[in-house]
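Colleague: One structure is given below, represented as structure tokens, and several questions about it will come after.
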Amino acid sequence: MEDEVTPEDLWKGTKAVLLEVASETNGCVKWQKKKKRISDETFVAIREKRAAKGKDKNRHQELKAEVQRALRVDKQQQLEGMYVELEAANSKGNSRQLFQISSSYYYTSLDGNLISFIK
């Protein structure tokens, strides 16, 4: 009776082997959720800021200000791109595209008020 293997033990062994083979084959890639408007340079600055958080308070404050400036620039660039698309759709008379672009910028709250927010 001691030689019997439970299903839990079988699963643990199988899972360990599968994870080992998958990590050897694919490698470990850390997935990070990213908004479309945030540039790669801004993400680098965000990572630097997170790394400096517990180590150097002054450096962290400097990086925090730098990240905020970069995020504002990224948002402004996205808005300018959106405006160019709106103008192009308007000049072509494409009302469907006009509505899609403008509705991606505005949302309504639960009480029916318009909220300015970018997806």
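Colleague: List the pairs whose first member sits in segment 52-68 and is part of a helix (DSSP H, G or I), whose second member is among the acidic types (Asp, Glu), and whose Cβ atoms are under 9 Å apart, counting only residues at least 6 apart or on separate chains?
Modeller: Short answer, once both residue conditions are applied: 59/48; 63/48; 66/48; 67/48.
Table: residues versus (1) modelled with pLDDT of 90 or more; (2) part of a helix (DSSP H, G or I).
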| site | (1), (2) |
| --- | --- |
| 36 | no, no |
| 49 | yes, yes |
| 77 | yes, yes |
| 101 | no, yes |
| 104 | no, yes |
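The values are calculated or read from the model by the stated rules, or taken from the named source; none is laboratory data. Since the model is a prediction, treat every value here as computed from it, not as a measurement. With ideal geometry, Cβ positions are generated from the backbone for all residues, glycine too; neighbour counts draw on all protein chains shown.
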